[in-house]
Amino acid sequence: MKLDFSKKSDLTETLSVRVSQKTKKNFTEILLFYSRQSDLKVTKAEVIKQLINLQHKELFGETK
């Protein structure tokens, strides 16, 4: 599964989560990977939004 960061989207809600050090490290690596791939500064919010929407589409066949 690959995420697409070719366009900007607006932020609409605030989400706060607590993660382990390992998860934080893995998430940072994901951010760096997509930032290099897209030549943009990919934000945590963008990654989380795209992951949620991709999972929703996989489970329910559509994104609302």
Rounded to a whole number, the Stokes-Einstein D of the stretch 21-60 in µm²/s (Kirkwood radius over Cα pairs; 10 °C; 1.306 mPa s) is 146 µm²/s
Of 17-23, 35-41, ordering from highest average Cβ density within 10 Å down gives 35-41, 17-23
For the table Lys22/Lys44; Lys2/Lys25; Lys2/Lys57, the rows whose alpha-carbon distance is greater than 21 Å are none
Cross-link reach from Lys24 to aspartates and glutamates, straight Cα distance under 20 Å and at least 8 residues apart if same chain, gives Glu46
For Val42, the residues 5 or more places away or on another chain with a placed amide H closer than 5 Å to its own amide H are Ser35
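Values in this text are rule-based calculations from the coordinates and carry no lab data. Here the structure is a predicted model, which means the values were calculated and not measured. Please note: Cβ atoms are built from the backbone with ideal geometry, for glycine as well, and neighbour counts cover all protein chains shown.
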